[in-house]
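First up is the structure itself, then whatever we jot down about it.
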Amino acid sequence: MKKVLVVNSNPKPESMSYGLRLASHYVNEIKANADVAVTTVNLYEEHIPLIDGEVLDAWGKAAQGADLSQGQQAVLGRMNEILEQFLAADMVVFVSAMWNLSYPPLLKAYIDNVVIAGRTFRYTAEGPQGLVGDKKVVHIEARGGDYSQAPGFQFANNYLQAVMGFIGITEYENVVVEGMNATPDKAEELLEAAKVRATESVKRHFSLV
Ligand SMILES: Cc1cc2nc3c(=O)[nH]c(=O)nc-3n(C[C@H](O)[C@H](O)[C@H](O)COP(=O)(O)O)c2cc1C
């Protein structure tokens, strides 16, 4: 049975969120096409450590084999738990909303828990090398405006794709629902069209699984 991990960076209830409604459709389509176990991490409900002074100090101490405080052991333990869950998944579905041209900040915090030197990438004489392979990543993104003709404003997705590539994940797809704030009367229509693209994406991926 394949493992699907949904990483939800939107704190809204699903009924209020186009991205979460699209993500639900995506996950239901996966379930209809494949034997999968789906786990969801709600980043605004769970403890997602930030890289702060304590964490940097703990990493420094750990590298030298020095003792960590109890708090530092706990925070590195939690970070490791998040990383192991990410590594165990065959597919990761990121769900984000465009907030101020980017994604919600806890998504960056999550990325900082899984992009870890020595675990998901390493530096070699030839440059950095990704250590995570064989994993599909899908980014379901809701954007109030329509940025489809403005590639310069798609950097939230471009960053996520780049950082996943950096750790070795090349099978990446972006499924977008956008323009709902720009044309509110068409919002449901835009979501329905995005659901069709989502279904196509699932079929592409799960003919490969
Ligand atoms: C804090 C905040 C910032 C936002 N910034 C942008 C923005 O920069 N550009 C944009 O097109 N829409 C912006 N929006 C609108 C959202 O992208 C839009 O409501 C989208 O549907 C959110 O996804 P959701 O429906 O899944 O919650 C913003 C919304 C919020 C709450």
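Got at least one residue in the range 74-82 being farther than 27 Å from Phe206 by Cα and among the small types (Gly, Ala, Ser)?
yes
For the range 42-59, state whether one or more residues are assigned to a helix (DSSP H, G or I) and surrounded by 19 or more Cβ atoms within 10 Å (Cβ to Cβ).
Initially, the range 42-59 is screened for residues assigned to a helix (DSSP H, G or I), giving 53-59.
Applying the additional criterion that residues be surrounded by 19 or more Cβ atoms within 10 Å (Cβ to Cβ) yields 58.
Yes - at least one qualifying residue is present in the range 42-59.
Val38: hydrophobic (A, V, I, L, M, F, W, C), assigned to a strand (DSSP E or B), open to solvent by less than 30 Å² (accessible area, probe 1.4 Å) and touching a residue at least 24 places away in the same chain (Cβ under 8 Å), yes or no?
Working: hydrophobic (A, V, I, L, M, F, W, C): yes; assigned to a strand (DSSP E or B): yes; open to solvent by less than 30 Å² (accessible area, probe 1.4 Å): no; touching a residue at least 24 places away in the same chain (Cβ under 8 Å): yes.
So Val38 fails the test.
Can you report the number of residues in the range 82-129 which are open to solvent by 60 Å² or more (accessible area, probe 1.4 Å) and among the aromatic types (Phe, Trp, Tyr)?
Residues in the range 82-129 being open to solvent by 60 Å² or more (accessible area, probe 1.4 Å) and among the aromatic types (Phe, Trp, Tyr): 2 in total.
Can you give me the number of residues within the range 140-170 that are within 15 Å of the ligand (Cβ to nearest atom), open to solvent by 40 Å² or more (accessible area, probe 1.4 Å) and in a loop (DSSP other than H, G, I, E, B)?
So the count comes out to 5.
Show the residue pairs that are 6+ apart or on different chains and have beta-carbon atoms under 8 Å apart, the first residue being within the range 58-77 and over 19 Å from Asn113 (Cβ atoms) and at pLDDT 95 or above, the second being open to solvent by 40 Å² or more (accessible area, probe 1.4 Å) and among the β-branched types (Val, Ile, Thr).
Once the first residue is over 19 Å from Asn113 (Cβ atoms) and at pLDDT 95 or above and sits in the range 58-77, no partner that is open to solvent by 40 Å² or more (accessible area, probe 1.4 Å) and among the β-branched types (Val, Ile, Thr) comes close enough.
The values are calculated or read from the model by the stated rules, or taken from the named source; none is laboratory data. These numbers come from a predicted model, not from an experiment. Because the Cβ atoms are built from the backbone with ideal geometry, glycine has one as well, and the counts that use them run over all protein chains shown. Remember, those area values only see protein heavy atoms, side chains included, never the ligands or the DNA or RNA. Shrake-Rupley method; radii C 1.70, N 1.55, O 1.52, S 1.80 Å.
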